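Scroll down for the structure; my scribbles are underneath it.
The values are calculated or read from the model by the stated rules, or taken from the named source; none is laboratory data. The structure displayed is predicted, hence computed values, not measured ones. For neighbour counting, all protein chains shown are included, and Cβ atoms are generated from backbone atoms with ideal geometry for every residue, glycine included. Calculation scope for accessible area: heavy atoms of the full protein, side chains included, ligands and nucleic acids excluded. Shrake-Rupley method; radii C 1.70, N 1.55, O 1.52, S 1.80 Å.
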Amino acid sequence: MDALFFIPVAIMLALVPGPNNFCALNNGIRRGIGAALLATFGRVAAFAIFLTISAIGLGAMLLASETAFTAVKWVGAVYLFYLGWRAWRSREFQGLELADGTAPTAGRPSQKGIRALVMQEFLLGITNPKAIMLFAAIFPQFIDQSRPAAHQFLVLGSIYLGAEFVSSTVYSACGKQIRHFIRTSRGVARLNKATGGFFIGAGALLLAARQ
């Protein structure tokens, strides 16, 4: 196991666009980098579960089970469709300062609001079968068979989960920059429809995914 070599690999894998990273981008636009990073704990919790499953050998079993893969895929797609439908219909613009005289929703994200963001990230992560494919297929390539696998999974898993925070920081920081261009209620409506369209598209792509 070469942990130092795995660090850039983990960061590149974590930066690949997907539902969770788009969620961080969206949270960065609407709530700021701090809230987006707190929400990332939900994603990390989901991926930690997948890492544990892979470490004890169940990941390969899940990949081999068409029924399990399909079930997780459909649950994830339905949740993405729900998020897309809700975003498409939303007129929310919390924290955005609009230039057309529309009063923004005031205040910092409440504790309840942060919990909702964490749960959203968790559900996006835990219902994405591509995550278990990543951990079950790629991680073993970095495992030294002559050494205890459990410790290696712990080290590699910790590095990858840390990389997810790096990815979330990058995407939410980009979101914060995009936020400066959302200046009117019409812009907010377009943002919400774009967000909804992405989640719906991601759901469709997930349904098309194969083992």
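General remarks:
- One residue stands out in region 23-70 among those that are in a helix (DSSP H, G or I) and polar (S, T, N, Q): the one that is modelled with the highest pLDDT, namely T40.
- Hey, V155 exposed (fewer than 15 other Cβ atoms within 10 Å of the Cβ), in contact (Cβ under 8 Å) with a residue 24 or more places away in the chain and over 15 Å from the mean Cα position of the chain (by Cα) or not: yes
- Selected residue (only one of A10, A45 is among the small types (G, A, S) and open to solvent by 30 Å² or more (accessible area, probe 1.4 Å)): A45
- All positions within region 201-211 that are open to solvent by 70 Å² or more (accessible area, probe 1.4 Å), part of a helix (DSSP H, G or I) and in contact (Cβ under 8 Å) with a residue 12 or more places away in the chain: none
- Residues in region 161-191 that are over 18 Å from the mean Cα position of the chain (by Cα) and open to solvent by less than 10 Å² (accessible area, probe 1.4 Å): V188 alone.
- Within region 26-42, residues that are in contact (Cβ under 8 Å) with a residue 60 or more places away in the chain reach partners that are of a type in the set (D, E) and open to solvent by 30 Å² or more (accessible area, probe 1.4 Å) with beta carbons closer than 8 Å, at six or more positions or on different chains, in the pairs R30/E92.
- Close pairs from region 158-185: first farther than 13 Å from A35 by Cα, partner buried (at least 17 other Cβ atoms within 10 Å of the Cβ) and of a type in the set (G, A, S), Cβ under 6 Å, at least 6 apart: I159/A10; Y160/A10; A163/A10; A163/A14; E164/A14; S167/A14
- Matching residues, region 13-34, being of a type in the set (G, A, S) and surrounded by fewer than 21 Cβ atoms within 10 Å (Cβ to Cβ): G18, G32, G34
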